[in-house]
Amino acid sequence: MAFAAVLALALPVPAHAQFGGLLRSKPRASSSGKTENGCDDSAGKAVGRSVIGGMLGGLAGRAGGIISYLPVPEVAGLLTDAIACKLEPEEQKKAADATLEATRGEEVGSTSAWKSETRKDVSGTSTVVGKTQLADGSTCMNVNDVIIVEGEETTVSKRMCKKPGAARYEIAQA
């Protein structure tokens, strides 16, 4: 890993640009600079979206003052990409924990808030805004996630379902 860090810092920027397309697993940006999932994909943020590429791209991005975030595996099924990509890994875990806490009681109106320990201007909430019972015995909830990063608010609504016998609610497949 240390070798990869040294290698990432040693590579000139044009080399990163040349290999960026090979390492990309994030959805392509539209002409507005936003990806399909709502994340900013401006220049310098698209490099390194695979496991190794993410590591190299993250180090190179930080060296150049540009920070981009990828959803960590622990939040899969709990956070949307539009929220996760704006949060550092520890913040993603806090946001996912807030979703788990809000859905645990299975009550409409249940809210859980969190605050970043690493960035003073980052916080969020998860709020259950609706609940339905499906014919197959599954229970689904509509949950609103709100995050504030550097004064910019992002709100995403998600439908989360729990099948009979399942331990927790997870984002329903579209």
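The values are calculated or read from the model by the stated rules, or taken from the named source; none is laboratory data. Note that the structure is a prediction, hence the values are computed from the model and not measured. Ideal geometry is used to build each Cβ from the backbone, glycine not excepted, and the neighbour counts take in all protein chains shown. Quick note on the areas: whole protein, heavy atoms, side chains included, nothing else; ligands and nucleic acids left out. Shrake-Rupley method; radii C 1.70, N 1.55, O 1.52, S 1.80 Å.
How would Ile147, Ile171 rank on accessible area, largest to smallest, probe 1.4 Å?
Reading off the accessible areas and sorting them downward yields Ile171, Ile147.
Return the distance in nm (one decimal) between the two label points of a simple spin-label model at Ala113 and Glu74, each offset 7 Å from Cα along Cα→Cβ.
2.3
Under a 1.4 Å probe, what is the accessible area of segment 89-174 per residue, stated in Å²?
Accessible surface, normalised per residue, equals 57 Å².
Label-point separation (nm) for Asp121 and Ser138, each offset 7 Å from Cα along Cα-to-Cβ?
It works out to 4.0 nm between the two label points.
Which length gain, in nm to one decimal place, applies between Val129 and Ser157 when the Cα-Cα distance is subtracted from 0.36 nm times their residue separation?
In short, 9.2 nm is gained.
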